[in-house]
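A short write-up of the structure that comes next.
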Amino acid sequence: MTKRPLACLVLAAGKGTRMKSDLPKVLHPVAGRPMVAHVVAALEALRPERIGIVVGPGMEDVARAVAPHRPVVQESQLGTGDAVRSALPLIEGFEGDVLVVFGDTPLVSPGTLGELAAALHGPGDPAVAVLGMRPDDPGQYGRLVLGGDGTLDAIVEYWEADEVQKSITLCNGGLMAFDGRRLPELLAALTDDNAKGEFYLTDAVAHARLRDWTCAVVEGDPHEIMGVNSRVDLAAVEGIFQRRFRARAMAEGVTLQDPDSVWFSADTKLGRDVTIGPSVLFGPGAVVEDGVAIRGFCHIEGATIRSGAIVGPFARLRPGADIGAEAHIGNFVEVKNATLGAGAKANHLAYLGDADVGAGANIGAGTITCNYDGFFKHRTVIGEGAFIGSNTALVAPVTVGDRATIGAGSVIAADVAEDSLAIERAERTDKPGWSARFRATKAAEKAAEKAASKKTPDPKG
Ligand code: UD1
Ligand code: MG
């Protein structure tokens, strides 16, 4: 088998009307990443010579999501065949294989895409290869009509199918591979003479057969090829993605105490011997190194947690949080754009934003970095081994030196030298016996009031 170069086209110009959304369908996220970016990542794994994306007019945000791959605009959505026609300039003179995939099929794997492209090199020198599937409910998928020899004779769209054709269980998954030399001729032959008045890419099969060119079928897993047309489909695809991700994480040495309640992003990175408690959510950009324990109910996004650190329960790590090795982040602690050195501790109720906390520093309960003046963000620097007493407000920009101590309840608005104590509190007043006298006076007043109300006759009585 000689391997020909590969070009890929992603169709993403459809409006996705059934999503009922202002966001283009292919930008709806699955595991924190736009659907179309999942598809492009799977294609990139095949190392094609080029990837082109067909977008609709004004869909610059879709083009951005797939950069640096080249977008091409399909001026009006006249069907999947028209979409591929619009992309012809991207593959002009290209003589290799052309893989056409949909931007709304985010679970497709590189392995399946590779098998589909390889089918073009099978018996009969196929001009077209189609990815088929047998879903539990064939619904409105196009149906694959096979000839006596098991190769494909036609794809009949649901809207064009008669009752016999609708009873076919082998459906079109929507992904197709073409011999690039014969593709332009097949596209030129398409017409819009059908129920929807669209140029169906699927008609290319019948046109190939008219020329006596072979069309091959590769059967795939319906859960993988599933297309998203509605929010219900989106939730189903998200569920499948998460189940697979959890299974893979556990296979690679991660303990999930309640797997179904932990949600990952497509790019979440997990080391070995990581333990994750119930109801933890990972947004994009999380990196968790070996031996980390993440207790229940944490929300982690754009954060790195280094070896042996303990996080949670109920912690929130926001983008730019970098938690050092063996550090502890406890309950109701929020960290944003801040680094904590090795072994640093912030165990309860704190906000650390735009900060650098040195190794071994201890951040007391209720410590707040006041990082924002209403216009600009400022940094707080806390030295190694420093001790920040409870309920301290650190008014940034401010630096607390190595091993310095801050007394509880202080508002620290100027730098603190290393090894010194800074404490800022109002002067305390003590009045011995005052409390006992106060309580005795008030108790007597209350008793007198009660006695008076008993003597007053009830006005209704
Ligand atoms: C299509 C197939 C159907 C298959 C199903 C699998 C055709 C004619 N039908 O139907 O056989 O069973 O997928 O999921 O191909 N798009 C454009 N421009 C257009 C129209 C669509 O770029 O003018 C894009 C959409 O953004 C989408 C993809 O093509 O990503 C498929 O379009 P969609 O409308 O979802 O096709 P289906 O009705 O699902
Ligand atoms: Mg679809």
Quick check on the range 306-359: of everything there that is over 27 Å from the mean Cα position of the chain (by Cα), surrounded by fewer than 22 Cβ atoms within 10 Å (Cβ to Cβ) and not small (G, A, S), which residue is nearest to K377 (Cα to Cα)?
D356
Residue count for the range 34-56, restricted to those that are away from ligand 1 (no atom under 13 Å from the Cβ) and not in a helix (DSSP H, G or I)
7
Conditions: (1) without any contact (Cβ under 8 Å) to a residue 60 or more places away in the chain; (2) away from ligand 1 (no atom under 16 Å from the Cβ); (3) touching a strand residue (DSSP E or B) at 6+ places or on another chain (Cβ under 8 Å). A117 meets all but one. Number of the miss?
(1)
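Being in contact (Cβ under 8 Å) with a residue 40 or more places away in the chain and within 23 Å of F297 (Cα to Cα) is the requirement here; does G358 meet it?
When the stated conditions are applied, G358 does not pass them.
Quick one: count up the residues across the range 87-114 that are away from ligand 2 (no atom under 15 Å from the Cβ) and touching a residue at least 60 places away in the same chain (Cβ under 8 Å).
15
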Output the number of residues of the range 57-97 satisfying the condition of being more than 16 Å from ligand 1 (Cβ to nearest atom) and within 10 Å of L11 (Cα to Cα).
0
Identify, by number, the condition in (1) within 22 Å of the chain's Cα centre (by Cα); (2) in a helix (DSSP H, G or I) that T112 doesn't meet.
(1)
Would you check if there is a residue in the range 381-389 being exposed (fewer than 13 other Cβ atoms within 10 Å of the Cβ) and among the aliphatic types (A, V, I, L, M)?
no
Starting from the range 128-144, take each residue that is under 18 Å from V108 (Cβ atoms) and modelled with pLDDT of 95 or more and list its partners that are assigned to a loop (DSSP other than H, G, I, E, B) and among the hydroxyl-bearing types (S, T, Y), counting only C-beta distances under 6 angstrom and pairs at least six apart or across chains.
R134/T169
Give me the pairs, please: first residue somewhere in the range 215-231 and farther than 19 Å from L11 by Cα and outside the structural domain of L107 (by TED's automatic domain parsing), second residue anywhere and within 13 Å of ligand 1 (Cβ to nearest atom) and assigned to a helix (DSSP H, G or I), beta-carbon distance under 8 Å, and either six or more positions apart or on two chains.
R231/M19
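When the range 185-195 is examined, which residues are found to be in a loop (DSSP other than H, G, I, E, B) and closer than 21 Å to V101 by Cβ? Outline the logic, then answer.
To start, the set of residues in the range 185-195 that are in a loop (DSSP other than H, G, I, E, B) comprises 190-195.
If the condition is that a residue be in a loop (DSSP other than H, G, I, E, B) and closer than 21 Å to V101 by Cβ, then L190 is the only one that fits.
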Please state which one of G385, G312, G320 is in contact with a Gly (Cβ under 9 Å, 6 or more places away or on another chain) and closer than 21 Å to I406 by Cα.
G385
Matching option when the condition is in the same structural domain as F178 (by TED's automatic domain parsing), surrounded by 19 or more Cβ atoms within 10 Å (Cβ to Cβ) and more than 16 Å from ligand 2 (Cβ to nearest atom), among V10, V66
V66
Please determine, by comparing only the residues of the range 171-198 that are under 34 Å from the mean Cα position of the chain (by Cα) and within 10 Å of ligand 1 (Cβ to nearest atom), which one is surrounded by the fewest Cβ atoms within 10 Å (Cβ to Cβ).
E198
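Picking from F387, F438, which residue would you name as being among the aromatic types (F, W, Y) and farther than 22 Å from A342 by Cβ?
Working: F387 fails: farther than 22 Å from A342 by Cβ.
Answer to the selection: F438.
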Given the options K25, K20, name the one that is surrounded by fewer than 18 Cβ atoms within 10 Å (Cβ to Cβ) and touching a helix residue (DSSP H, G or I) at 6+ places or on another chain (Cβ under 8 Å).
K20
Any residue that is of a type outside the set (D, E), more than 16 Å from ligand 2 (Cβ to nearest atom) and either more than 22 Å from D153 (Cβ to Cβ) or out of contact with any Phe, Trp or Tyr (no Cβ under 7 Å at 6 or more places or on another chain) (or both) - is there at least one of those in the range 218-226?
yes
Condition set modelled with pLDDT of 95 or more and in a loop (DSSP other than H, G, I, E, B), scope the range 199-227, selection farthest from ligand 1 (Cβ to nearest atom): answer is D212
What's the total number of residues in the range 1-33 that are touching a residue at least 60 places away in the same chain (Cβ under 8 Å), assigned to a loop (DSSP other than H, G, I, E, B) and among the aliphatic types (A, V, I, L, M)?
4
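The values are calculated or read from the model by the stated rules, or taken from the named source; none is laboratory data. Since this is a predicted model, take the numbers as computed values, not measurements. So basically every Cβ, Gly included, is an ideal-geometry build from the backbone, and we count neighbours across all protein chains shown.
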